[in-house]
Amino acid sequence: MQSPGGAGRRLGFGMPPLVEEALEQAVERDVNGVSTRVFTAEHLAAICLQVGWRKDFDRIIRFVEARVLDAEDGLTATSSRKLRCLTLGL
């Protein structure tokens with residue numbers, strides 16, 4: 001992760017590899033006239049699964065329902081089964 005000033009220095013927060021990957025692969029978007037980098041839906045879903053909080057699983061379900069994330073393409077089979085079990089309250 002580069003410093004906020006863009007000087008090219010890496011900040012050493014000891015982030016998990018998945019978050020590092022998400023930062024490296026973030027896409028540039030215009031948000032209300034401001035150019036910013038955002039995580040992909042697939043990375044957000046993977047991070048939510050890794051964290052494992054109920055509200056994060058709910059967030060992934062909303063991603064799938066809104067067709068922002070394809071449950072079959074964006075999640076591994078194991079993750080998809082875990083998500084379905086949580087959705088059913090198992």
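Considering region 11-50 alone, what residues qualify as being polar (S, T, N, Q) and not in a strand (DSSP E or B)?
Selection gives Gln25, Asn32, Thr40, Gln50.
Hey, any hits in region 43-64 for a residue that's farther than 23 Å from Pro16 by Cα, of a type in the set (Lys, Arg) and either buried (at least 16 other Cβ atoms within 10 Å of the Cβ) or modelled with pLDDT under 85 (or both)?
No, that holds for no residue.
The values are calculated or read from the model by the stated rules, or taken from the named source; none is laboratory data. Predicted model, so just to flag it, every value in this text is computed and none were measured. Quick reminder, even Gly has a Cβ in these numbers, built from the backbone with ideal geometry, and neighbours come from all protein chains shown.
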